[in-house]
Amino acid sequence: MKYSSFVVFKPDFESARQRIEDAGGWWVRFGDDVLTYSANDRWSNLESEFSSSQRNARQPTGTIGKAEMYLVVQKGRTFQLEHPDVEVIFDKGRYLVVRLTKAKARKMNKREDVCFHIEPLSENMTVFDTPYTQRSSAAASGAPQAGVVASVQQAVFVSHIEHLVSYTTRLSASSDYAAAADWCRKILAGMGFEVSVESVSLPGGQTSENVIGRKPGTGQGLRGNLVVTAHLDSVNHAGGPSAPAPGADDNASGAAGLLTLAAACVTFRFEHDLTFVLFGGEEQGLHGSQQYVGALDQVARDNILGVLNMDMIGSVNSEPPSVLLEGHAISQSLIAALAQSAADFTTLSVQTSLNPFASDHVPFINAGIPAVLTIEGADSANEAIHTANDTLDRVSPEFALQILRMNAGFVASLAGVSVGMPPADYGGHAVHAPPVSVEAAHMKSDLAFHFNALFAQYARLGRDGLLSQQDYGNWQVSRAAYDDLSAGTVKVGCGCGCGGC
């Protein structure tokens, strides 16, 4: 069996797929990279279907037995760090194709935690896609979704993540985890959420906690429930239980993101209920989410509109910065809505996958509940997670803010945002920016629209390999100007007639 990989952009994929199959080969698609393989005697015919410029120079070409090809889905680089001797024949960060025997693969899969999963490589499958979504009217000035997005504040995220990494560890059964969970409970209660804490059973008779905050909807009759989740715990596998485990990206970024998103929703009314859940025991085997789902009766399960999970949303691993939306066939509508929100409110490059793995969306999917993981794109995956090196300096608040804006637009749309309540202060940070005139607000919104359109053009150039050094420099200058506008350091007029605005 010979294999190689080729770069095939989405508009050309159907034609390429047909040519591969007609030539007697098989394909596995990873965005624009297509791993292609066939029997030795058919390879020359298959290879001739592609130009030399389409060959992916970053990936090896070689020979392998078809039964030796296994797909690995990993968190960070956990599989490669644990098994550096295993040959990797195709590397897309979170996803690998490796050479293994059936016996070795079965042995490696026998583990309690969920750092990685191994399965035989299926032929003719899409591991992840790269949808191209056009901006919609939802991002227009005055749209209620845009109001929720605008209320997501970077300063709030930074404040929360800085606090969460200040604990030596957030190992699920530790006293530090209990302190972090209690702090999160107080934060949610201080926002006005209905807060509860549920005990989580861990292996060995230990316990942890889930922290839950609820915001009832204002709709009449039977309301749905949109669930937003993240795991609060961290782990240091090599160092052991007492070793430092700051878990900045995995998953203080997701937990701080959940609290930031909750803060953005405080001053808005929603037709449906919102439930925010911070899980314990995720690193030991998804115990918090499994037990949460297991405790739901059928009425509660049927009432869930969808589940939005945040795990590792802070590390930029690729240019342009990307986000992976990972779910299942039952999650297709949620994935499409998130991709639309990304197009409306961010400059993120989006990847989508229907191969759910290793985070708290999985127990919901296994129970037949639509759920999606939002996680940083991982073309060059984060190697620091589950170590003492997962520190705050590896997290980009600006990047996390992009994912949170996407998630905020999604929450606002699916939960049915209606009108905002009077602005309030939360935790020392204004939930809304200081009041400005209607004309100034519209001007700022229009500027943001044009910036986002410009960023989308730069992202497309980068995706197609056409971005020059000058283009890249202009992109960064534009991003800095946009950040100043978003932070309020560029004033567009307060409407007071003072002349100083």
Inset, instruction - Could you please let me know if Thr169 is modelled with pLDDT of 95 or more, more than 30 Å from Val211 (Cα to Cα) and of a type in the set (Ser, Thr, Tyr)? - result: no
Legend entry - Flag if Leu81 is within 24 Å of the chain's Cα centre (by Cα), surrounded by fewer than 20 Cβ atoms within 10 Å (Cβ to Cβ) and of a type in the set (A, V, I, L, M): yes
Legend entry - Top-ranked residue of the range 408-440 - restricted to ones that are modelled with pLDDT of 65 or more and touching a helix residue (DSSP H, G or I) at 6+ places or on another chain (Cβ under 6 Å), ranked as nearest to Val156 (Cα to Cα): Ala408
Inset, instruction - Tell me which of these Leu258 doesn't satisfy, since it passes every other one: (1) under 23 Å from Ala146 (Cα atoms); (2) in contact with a helix residue (DSSP H, G or I) (Cβ under 7 Å, 6 or more places away or on another chain). - result: (2)
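Here is a check on your reading of the model: is Val97 under 30 Å from Glu68 (Cβ atoms), modelled with pLDDT of 95 or more and surrounded by 21 or more Cβ atoms within 10 Å (Cβ to Cβ)?
yes
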Inset, instruction - Could you pull out every one of the strands (runs of 3 or more DSSP E) wholly within the range 297-395 that has 1 or more residues that are under 13 Å from the mean Cα position of the chain (by Cα), modelled with pLDDT under 95 and assigned by TED's automatic domain parsing to the domain that holds Glu283? - result: 322-326, 349-353, 371-376
Inset, instruction - Return the total of residues in the range 216-225 being touching a residue at least 24 places away in the same chain (Cβ under 8 Å) and either farther than 26 Å from Val372 by Cα or crowded, with 23+ Cβ neighbours inside 10 Å (or both). - result: 0
Legend entry - the range 169-181, residues that are surrounded by 13 or more Cβ atoms within 10 Å (Cβ to Cβ) and of a type outside the set (A, V, I, L, M): Thr169, Arg170, Ser172, Ser174, Asp176, Tyr177
Inset, instruction - Would you point out the residue of the range 268-310, among those that are farther than 26 Å from Leu324 by Cβ and of a type in the set (Asp, Glu), that is surrounded by the most Cβ atoms within 10 Å (Cβ to Cβ)? - result: Asp273
Legend entry - Single match in Ala67, Ala105, Ala16 (criterion: surrounded by 14 or more Cβ atoms within 10 Å (Cβ to Cβ), in a helix (DSSP H, G or I), small (Gly, Ala, Ser) and touching a Pro at 6+ places or on another chain (Cβ under 9 Å)): Ala105
Legend entry - Members of the range 110-139 that are surrounded by fewer than 17 Cβ atoms within 10 Å (Cβ to Cβ), part of a strand (DSSP E or B) and not aliphatic (A, V, I, L, M): Glu119, Pro120
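The values are calculated or read from the model by the stated rules, or taken from the named source; none is laboratory data. Small disclaimer: the values here were computed from a predicted structure and weren't measured. Cβ atoms come from the backbone with ideal geometry, glycine included; neighbour counts cover every protein chain shown.
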